[in-house]
Amino acid sequence: MTRVHAASLIALVALLALSVTAAAGSYRRNLAASTPTTSTTSGYSNTALPVISGAARVGQTLTVSTGSWSPTPASFRYAWHRCKNGNCNLSPTSSDTNSYVVQSGDAGYALVAQVAPLGSWPQSVDSQLTDPVTAAASTAATVPPASSTTTTVPATTTTSTTTTPTTTPSQTTTTTTSAASDGTIYFDGRATGMTSLFSTSESNQGQSPSVWACLCFLNNDIKLVSDSRFGQVYSTTAGPGSQNPWWTPPAGIASAEVSVRRPIRLGQWDWYANSFKVLSGWTSADWATVDQMNYATITSPPLEIDFDKGGVGIERSVGYVPSVGGNPEIYDYQRFFPVSGVINKWVDFVIGVKWATDATGSIRVFTRCRECGDTDWVLRYSKDNLVTMQWGAGVMDKNGDDPSTGQPIQSLDKEGLYYGFTSPPATLPTDHILEMGLVRASDEATAMAAVP
């Protein structure tokens with residue numbers, strides 16, 4: 001069931017454009033005192049912003065490109081800075097080279113690289129922000145082999161214009177990671193994820209700390225609460241008055257979400273973990289979403305975790321999309337639990353996806369519901385050689401770039417509660433769920449270890 005939210009999509013596409021065009025001004029730090037200007041040569045124009053590559057993790061090496069300039073400078077100087085909540089006027093890091101080894105003191109901060117043509121700092125531009133730096137990787141917990149799984153629940157699936165099989169894959173399918181992710185924790189109630197990036201205080205309801213992050217909720221709808229399993233989780237409420245501050249939803253739709261911009265990362269794996277509990281009184285909306293991954297704001301996200309009248313599972317909207325809000329080439333609907341069977345029970349998801357706009361992608365979906373009788377992770381869905389990302393609509397080409405500028409675009413990872421009705425009720429209900437928080441991990445083992 002493809003959902004088209006044109007006003008929201010248009011607003012987010014505009015916000016994406018803003019994040020590219022405003023990048024230099026957004027993270028500017030006056031370096032005059034700490035970094036002497038060695039050249040006052042003028043006349044250089046930046047035509048493509050520098051890009052940081054590498055994992056934002058303590059001990060890892062980041063490298064920044066020079067970007068594109070006209071004319072091409074003979075040399076460059078570099079400066080690396082720490083940022084938090086859009087503020088980069090913080091203690092600078094070291095290194096006057098295009099590479100930087102992430103230090104322990106960088107943990108919790110995003111990093112940005114400043115690139116100056118011929119050392120002319122007044123003409124410098126900034127790269128995109130990295131994700132917040134995480135601690136050095138520790139020894140990952142042992143992953144239970146999929147073949148040890150004893151619980152098998154048939155999936156209810158429907159597909160459209162896709163060759164995805166409509167049966168649950170074999171529980172003995174193995175999973176591999178072909179490329180490391182950046183290991184960033186986004187929204188984990190137990191860690192620094194959301195709380196370091198966003199303020200949930202009433203004075204900041206609906207406010208965005210920078211163009212790179214969005215508090216898409218009002219009325220203080222997402223709060224940290226105590227929980228016996230996780231210690232601390234998010235209590236999420238959506239109903240009348242819950243909405244994206246940049247978009248007023250039509251009748252019958254409510255939204256209480258948070259999001260962070262992230263690189264598209266085509267050809268690479270991301271592993272996500274989340275647990276959520278649908279609380280008593282759920283009104284059985286026609287559709288409801290708790291997570292949206294790598295959302296390029298073209299149409300419905302390429303991957304999301306949903307629960308609705310059909311059950312609990314995932315949806316994929318991938319392939320070429322002709323227009324913003326249009327129909328993707330491939331729409332894939334998979335359901336693993338009936339909602340009625342998991343009310344007031346924690347449902348755990350671990351999803352691995354290799355992002356691709358062609359048939360080189362892969363996806364793995366594991367679930368676990370201990371209160372339903374699961375004793376281990378259940379491999380619900382496993383496919384290789386398939387499209388896992390959407391593109392088109394003049395927003396993104398097959399390489400992950402903005403076709404109008406040739407620069408890489410940024411997408412969104414989102415968490416919260418977003419639901420709606422095909423035929424709006426007279427009064428929009430107020431619904432509640434609990435969420436561990438969306439974790440984006442470096443590999444399958446780390447993702448599974450994030451869920452106790």
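The values are calculated or read from the model by the stated rules, or taken from the named source; none is laboratory data. Keep in mind that what you see is a predicted model, and the values were worked out from it rather than measured. Note that each Cβ is placed from the backbone with ideal geometry, even for glycine, and that neighbours are counted across all protein chains shown. For accessibility, only protein heavy atoms count, side chains too; no ligands or nucleic acids. Shrake-Rupley method; radii C 1.70, N 1.55, O 1.52, S 1.80 Å.
For segment 375-394, state whether one or more residues are of a type in the set (D, E), in contact with a Lys or Arg (Cβ under 8 Å, 6 or more places away or on another chain) and under 21 Å from R335 (Cβ atoms). Working first, answer last.
First, pick out the residues of segment 375-394 that are of a type in the set (D, E): 376, 384.
Those still in the list that are in contact with a Lys or Arg (Cβ under 8 Å, 6 or more places away or on another chain) too: 376.
Then drop every residue that is not under 21 Å from R335 (Cβ atoms), which leaves 376.
Yes, segment 375-394 has at least one match.
Only residues that are under 12 Å from the mean Cα position of the chain (by Cα) and not charged (D, E, K, R): list them for segment 438-452, please.
Of everything in segment 438-452, those that are under 12 Å from the mean Cα position of the chain (by Cα) and not charged (D, E, K, R) turn out to be L438, V439, A441.
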Taking into account only those residues within segment 270-299 that are more than 21 Å from I222 (Cβ to Cβ) and open to solvent by 10 Å² or more (accessible area, probe 1.4 Å), which is modelled with the highest pLDDT?
-> D286
State yes or no: is A107 of a type in the set (A, V, I, L, M, F, W, C), at pLDDT below 85, open to solvent by 60 Å² or more (accessible area, probe 1.4 Å) and over 25 Å from G406 (Cα atoms)?
-> no
Only one of (1) open to solvent by less than 10 Å² (accessible area, probe 1.4 Å); (2) touching a helix residue (DSSP H, G or I) at 6+ places or on another chain (Cβ under 8 Å); (3) closer than 15 Å to V278 by Cβ fails for R335. Which number is that?
-> (2)
Might you let me know whether segment 230-238 holds any residue that is open to solvent by 40 Å² or more (accessible area, probe 1.4 Å) and out of contact with any helix residue (DSSP H, G or I) (no Cβ under 8 Å at 6 or more places or on another chain)?
-> yes
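Given G54, G43, G67, which one is under 26 Å from the mean Cα position of the chain (by Cα), open to solvent by 30 Å² or more (accessible area, probe 1.4 Å) and modelled with pLDDT of 75 or more? Outline the logic, then answer.
On the way: G43 fails: under 26 Å from the mean Cα position of the chain (by Cα); G67 fails: open to solvent by 30 Å² or more (accessible area, probe 1.4 Å).
Residue meeting the stated conditions: G54.
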